[in-house]
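These notes concern the structure reproduced below.
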Amino acid sequence: MVSVSLAVFMSRVDHFIAMDHVMLLLVCVAPVVRCYSSGQVMDSCEDMRPHHSGLSPQTEPAAFIVTTDHSSYRLGEEVKVQLQAPASTPFIGFLLEAREVGGQSPVGSFVLTTGAAQLLTCSWRPNSAVSHRSESVKTSIQVTWRSEATADAKPIQFHASFVQNYRTFWVDVTSPALTFTNDSTGGTTSPATTPTTTSSTTTPTTTITIHQPAPPVISISSAECGVTKVCFSQPSNCDPIVSADCYFMSAMMLSPSDAAVRYEMTGPSDGYISFGFSDDQMMGQDDIYICGIGSNGLMQLQHAFSTGQTAPLALPLGNVSDVRASRQDRVISCSFTSMNTFSTQRTTDFNKTYFLMFAHGPSSNGQIQFHTGTFISTDKVDISRPQLVRKAGWPHIIKAHGALMLIAWMTTGSLGMMVARYLKGVAKGQNMWGKDVWFLVHVAVMNVTVAATIIAFILSFSYVKAWSGGAHPVLGCLVMSLSVLQPIMALLRCEPQHPLRFLFNWPHALNGVAIKALSVAAILTGLKLTDSTLDQWLMKVMSGSVGWEALFYILLDVHYKWKVKSTDTLESKMITVDVLLMTLFFLGNFTFLVALLVGIGMS
């Protein structure tokens, strides 16, 4: 019994010793495996060897090739470089550099056009090498190389190493040499393989500028929204191909393992459009991309961090590639691929949910100005999951602002103006508190109008706390100022029979007409910011309300002039017509008002 127990004990000891060796081996090997599979192979920059322990590169010719779309290059020119492998012999890892013929140090810099690659810093030169990001199977990799703008340019070659598996790899596979030329045409290019160059990096750390004077118009549409990509737009679910007034952005995951995302954005603007990611629905602490007009008049893409209070802070573009941009008839469009994580400073990650934000506005000499329009998603969004993102509705305080302005200047204001001009004779001879009834009605409804205007003004600025919205706040301030001026003028008026009474009558009437016109313009611009429907039905209802009111102003004015000229018509009949026209007007006016208030409540 003792011998059996001892044997069992010894077998367990041997088992634990064996497990200990296995764990020790895993601990020692894991960092090496992780380093190579992630492509962070800066220690291979000089000799291009993978440094797989105890293994040597293959000596037979490689099945892989390195090709370029140029046989020569000029200063600052871009060259497309492609790594190719037979379908039967793919590779999982690679390292690519450009070197002067006979040299050992990398030259120039690379720009990525694929999500399967990453940029490395070799010999203290940023973006001077390219490697794999994961051990996924690859048969083709394409990147862009840009020569350095130096006067001492020499022939160069592209050097690549390929890893088929841990034990099988090839080192220093080279492309044909590219000679340097100073001619105006540059190197020869094969028409069959020439890709359209749409972008180049002028400021590698912060901006990509589109150099073509008139780049081809980018086709961005809502196709595949909710199927392969996340879409966010204003008006909701609009299609930028169908409507030029559509503000639209989309995000499509290209490679979950590499976190490569293809972004699109488009919309009408005189300066820039932008989208960003935020932890909340307020501006500030946001990771944003800006597409707009640069100081040289060309399109440019910027990566920035929004503070919410000052101009956004420029950030390095990072892993951004395949940038395309265009501007036609005020419509700005941009698309690009990014492998950058999101950083709002409160959180920094990729597989997180964020609120989407879209903003647009003017720019001055390449610098973006305060946005004139913005919209934000209702909920946080995971861009790796295709969906149609809903736009957040307007805050209740802003809805109250819009409702008060509608009531003030599309109902009570109209009533006060019509009573003063057309209904003086309806209650002729009837006084109250020593004043004509029409005058008391006019003063009451106009005081309500001015009070509602002041409250609406305070509500909007107390919430926004900034100047935004384009023409709308300008018009609102004018309406507010002239509305306060109107009762002040009335308090300073002279008696009706005074010879200078006209000095009050005409300014008072003209100021009222000006306020009415400005208020209609302010409401229309405000509804344009609010209306998120595809057919802009709020704008159409408001236009119908303006037309309805204009029609009855004309009818009442014609009837008023007819009364002045007619002497043989009973006064009671004339009063009946006045009352009938006013009743019809307010029935229609009330219908339009209810429709607009409902629309604002639903926005």
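The values are calculated or read from the model by the stated rules, or taken from the named source; none is laboratory data. Here the structure is a predicted model, which is why all the values come from computation and not from measurement. Here Cβ is always computed from backbone atoms with ideal geometry, including for glycine, and neighbour counts include all displayed protein chains.
Ile218 passes every criterion in (1) at pLDDT below 85; (2) within 16 Å of Tyr73 (Cβ to Cβ) apart from (2). Checking each residue in region 42-56 for being surrounded by 13 or more Cβ atoms within 10 Å (Cβ to Cβ) and closer than 21 Å to Ser105 by Cβ picks out Met42, Ser44, Cys45, Glu46, Met48, Arg49, Pro50. Taking the conditions (1) aliphatic (A, V, I, L, M); (2) modelled with pLDDT under 85; (3) surrounded by 15 or more Cβ atoms within 10 Å (Cβ to Cβ) in turn, Met542 satisfies each one other than (2).
Looking only at region 75-99, filter to residues that are in contact with a Pro (Cβ under 7 Å, 6 or more places away or on another chain) and among the charged types (D, E, K, R); which one of those is modelled with the highest pLDDT? Among residues in region 75-99 that are in contact with a Pro (Cβ under 7 Å, 6 or more places away or on another chain) and among the charged types (D, E, K, R), the one modelled with the highest pLDDT is Glu97. For region 369-417, filtering for residues that are within 30 Å of Val484 (Cα to Cα) and within 29 Å of the chain's Cα centre (by Cα) leaves 14. Listed here are the strands (runs of 3 or more DSSP E) enclosed by region 272-377 that have at least 1 residues being touching a residue at least 40 places away in the same chain (Cβ under 8 Å) and exposed (fewer than 14 other Cβ atoms within 10 Å of the Cβ): 320-328. Remark: Val546 matches the filter, which requires a residue to be within 29 Å of Ile397 (Cβ to Cβ), in the same structural domain as Thr576 (by TED's automatic domain parsing) and β-branched (Val, Ile, Thr).
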